[in-house]
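> The structure that follows is given in the form of structure tokens.
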Amino acid sequence: MSYISNAVEYALHCLLYLVNPNDRPGGVSTRDLADLQGVSTEYLAKIFTKLHQAGLVVGTEGAGGGFALARAPEKISVLDVIVAIDGKKPLFDCKEVRLRCALFGSTAPRWASRGVCSIHAVMLEAEARMRTVLATHTLASITARVAAKAPASFSTDISAWLAGRPVTRHASRGSGVRRQK
């Protein structure tokens, strides 16, 4: 099992499509985002419910409604998205194996239980560094990386594809989103 779920990957890809809202003032529907990525609308609706609850997106109801970023892309980190989708779970779950050595019998000596387990300490350091890295990367920085490798027409092609979609969608259907005014 992955430490970071596949739902985080879908969330990040979806959020990248919301970075440039100028040509989609009502936002983008979960149906359009699902079709764009080949995943079920229900799956993305669950993801967007979590993103909305975390304050990362806002939604508008009705025909032409959809989702937009709630903050500037520079203010939404990869860590924000991970915590919104997967929660703040630890990288490692120490089972205190050090205390169960057969040589100790029923009670481990004091030296064996003193302080944090040495293996757990390494994992805590790794988790802290990972969180620092994930917090430094934002939707804006990822968008810049995508723009550097994608053809210049990609953004225009996405906008044209979304503009060609029927305007019969509802952002809030099954997503727990309240009307945005």
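We did not get these values from a lab; they are worked out from the coordinates using the rules stated. Predicted, not measured: the structure shown is a model, and the values here were computed from it. All Cβ positions, glycine included, derive from the backbone under ideal geometry; neighbour counts span all protein chains shown.
> Please count, across the chain, the pairs of lysine residues with Cα atoms under 27 Å apart that sit 8 or more places apart or on different chains.
Eligible lysine pairs with Cα atoms under 27 Å apart amount to 12.
> Based solely on its DSSP helices, what 222 nm [θ] is calculated for the chain when runs of n ≥ 4 H residues each add -39,500 (n - 2.57) and the sum is averaged over all residues, nearest 500 deg cm²/dmol?
Numbers: 8 runs with 87 residues, N = 181.
After summing the helix terms and dividing by residue count, I get -14500 deg cm²/dmol.
> Applying a 10 Å radius around every beta-carbon, put 134-143, 28-37, 87-96, 100-109 in order of their mean neighbour count, most first.
Working: 134-143: 16.5, 28-37: 21.8, 87-96: 11.0, 100-109: 9.5.
The most tightly packed comes first, giving 28-37, 134-143, 87-96, 100-109.
> A follow-up question, please. Along the charge dipole of the chain, which of V83, S153, V39 sits closest to the positive end, that is, farthest toward it, with unit charges on the beta carbon of Lys, Arg, Asp and Glu (+1, +1, -1, -1)?
Comparing the listed Cα positions along the dipole, V83 ranks first.
> Note the per residue figure in Å³ for the convex hull of the C-alpha positions in the range 1-118.
Values: hull volume 16.8 nm³, N = 118.
Cα convex hull per residue, to the nearest whole number: 143 Å³.
> Would you order H120, H13 from fewest to most other beta-carbon atoms within 10 Å of each residue's own beta-carbon?
On the way: H120 18, H13 15.
Going from least to most buried by this count: H13, H120.
> So what's the angle, to the nearest 10 degrees on a 0 to 90 scale, between helix 153-163 and the longest Cα principal axis of the chain?
70 degrees
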